[in-house]
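**Student:** Quick one: this structure, given as C-alpha cells, is what I'll be asking you about.
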Amino acid sequence: MKSTSTLHELNLISGGWLLVSNVVIDSSSSRPIFSVEASYKGIASSHKKNMFLSKSAMKELRTHLSFTQLRYHCTKQQGRTFHVTTVANSTGEAAVQYLSGQVDVQPDACGSFVRMENDSSRLAGNCGRWGFDNAYQVGKWGHQRNEDRLYDHPAFVVNSYHWYLTPGGLRWECDDYRVGVSVGDFWKVFVR
C-alpha cells in the first residue's frame, strides 16, 4: 500500500493542490467514459486515466489527508470555464464536508467559494439559484445525491448551467445544459 505522502507527491501541482478526480476528452471518435473509484487510492492514477472518486472514497481520503479546500475546474473548447475554489472559512468548510461525504446536509453555495481568475461561467455568478433540496434554486450545493455527489450536479442551475458528468457518457456538462463535447474538454477536482 502506498502511503498518503507518496500519493500526495504523485499528484501535487502548483499551489499545493492535489488532483483527486480527472476526466479529459482526448478522442472525438470514442464515447467518453470514466470510472468511479471506491477508494482514495485511485488518485494515484488520476493524472493518466479518466476517473472520479466516490463519496466514500472522498470521505476516506479526508481521514488520511486533512484538506480544507476543494477546487472545481472544467472547461469546454466551444463553451465557458467554470473554475471555483471553496473558501477557507466555516462556510467553505461546510461545502467541503458535504462534497467529501462527511455530512448529508447541503450547504449554502453563496459565500462558500471564490471564482478563479479564468472563470468565465454563468454558474458561479448565480449561486443563489443553485441546487435541489425538495425544490430547485435553493442556493445550495448538490442535488440530494449519495455516492455521486462529487460529479453529479454538485453545482447547477436547473435546465441552464450544470457541472454534471455521467459515467456512461450520456451527459457531459460544464456551465451548460445538454451540449456536446470536443477534444480537450476537461473536468477536474483538486483538494488542498
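FYI, it's all coordinate maths here, none of it is from the lab. Since the structure is predicted, the reported quantities are computational estimates derived from the model, not experimental observations. Every residue, glycine among them, receives a Cβ derived from its backbone with ideal geometry; neighbour counts consider all protein chains shown.
**Student:** Let me check against my output: what whole-number percent is the relative contact order of the chain, with C-alpha pairs under 8 Å and at least 6 apart? Provide the component values of the computation, followed by the final result.
**Tutor:** Working: 448 pairs, mean separation 49.3, N = 192.
With pairs under 8 Å counted, the relative contact order is 26 percent.
**Student:** Based on other C-beta atoms within 10 Å, arrange Val24, Val36 from fewest to most. List each step's numbers first, then the result.
**Tutor:** Details: Val24 16, Val36 19.
Ordered by Cβ neighbours within 10 Å, fewest first: Val24, Val36.
**Student:** How large is the Kirkwood hydrodynamic radius of segment 141-192, counting all unique pairs of alpha carbons, in Å? Walk me through the numbers before you get to the answer.
**Tutor:** Values: mean 1/r = 0.0863 Å⁻¹.
Computed over Cα pairs of segment 141-192, the Kirkwood hydrodynamic radius comes out at 11.6 Å.
**Student:** What do you get for trypsin sites (Lys or Arg not before Pro) in segment 77-140 restricted to DSSP loop and a cutoff of at most 16 other Cβ within 10 Å of the site's Cβ?
**Tutor:** When the trypsin sites (Lys or Arg not before Pro) of segment 77-140 are filtered for loop state and at most 16 Cβ neighbours within 10 Å, Arg122 remain.
**Student:** Run the numbers on segment 19-90 and let me know its relative contact order in percent, using alpha-carbon pairs under 8 Å that are six or more apart. Let's see the in-between values first.
**Tutor:** On the way: 84 pairs, mean separation 18.3, N = 72.
Once divided by the residue count of segment 19-90, the mean separation gives 25 percent.
**Student:** Near the amide H of Leu70, under 5 Å away, which other amide H atoms are found, from residues 5 or more places off or on another chain, if H is placed in the peptide plane?
**Tutor:** Those lying under 5 Å, H to H, from Leu70 are Thr86.
**Student:** Can you work out the FRET efficiency for the pair Ala44 and Gln78, with r the C-beta to C-beta distance and R0 = 25 Å, to the nearest 0.05?
**Tutor:** On the way: r = 32 Å, r/R0 = 1.28.
Result of the calculation: an efficiency of 0.20.
**Student:** Something else: Taking each pair of distinct Cα atoms in the chain once, what is the resulting Kirkwood hydrodynamic radius in Å?
**Tutor:** Numbers: mean 1/r = 0.0610 Å⁻¹.
Over the chain, the inverse of the mean reciprocal pair distance is 16.4 Å.
**Student:** Bin by bin, in steps of 5 Å, what percent of the Cα pairs in segment 107-166 do you find, going until the bin that has the longest distance?
**Tutor:** Result, from short to long distances: 4, 21, 31, 27, 13, 4, 0 percent.
**Student:** Can you run the Rg to Rh ratio on segment 84-135? Use alpha carbon positions and the Kirkwood inverse-distance Rh. Let's see the in-between values first.
**Tutor:** Details: Rg = 11.3 Å, Rh = 11.6 Å.
Taking Rg over the Kirkwood Rh, I get 0.97.
**Student:** Something else about it: Between Met116 and residues 5 or more places away or on another chain, which pairs have amide H atoms under 5 Å apart, with H built 1.01 Å from N, and which residues are they?
**Tutor:** Those lying under 5 Å, H to H, from Met116 are His83, Val84, Thr85.
**Student:** Ok, one more. For Leu53, which sequence-distant residues (separation of 5 or more, or a different chain) have an amide H within less than 5 Å of its own amide H, given hydrogens modelled in the peptide plane?
**Tutor:** Those lying under 5 Å, H to H, from Leu53 are Glu37.
**Student:** What are the chymotrypsin sites (Phe, Trp or Tyr not before Pro) within segment 128-192 that DSSP puts in a loop, where the Cβ has at most 16 other Cβ atoms within 10 Å? Write out the running numbers ahead of the final one.
**Tutor:** Working: sites: Trp130, Phe132, Tyr136, Trp141, Tyr151, Phe156, Tyr161, Trp163, Tyr164, Trp172, Tyr177, Phe186, Trp187, Phe190; in loops: Trp130, Trp141, Tyr151, Tyr177.
Of the chymotrypsin sites (Phe, Trp or Tyr not before Pro), the ones in loops of segment 128-192 whose Cβ has at most 16 other Cβ atoms within 10 Å are Tyr177.
**Student:** Explain nothing, just the number: relative contact order of segment 95-192, from Cα pairs under 8 Å at least 6 residues apart, as a whole percent. Working shown, then result.
**Tutor:** Details: 162 pairs, mean separation 17.3, N = 98.
Relative contact order for segment 95-192 comes out at 18 percent.
**Student:** Continuing with this model, one more query. How many angstrom lie between the C-alpha centres of segment 128-147 and segment 104-120?
**Tutor:** Value for the Cα centre distance between the two parts: 13 Å.
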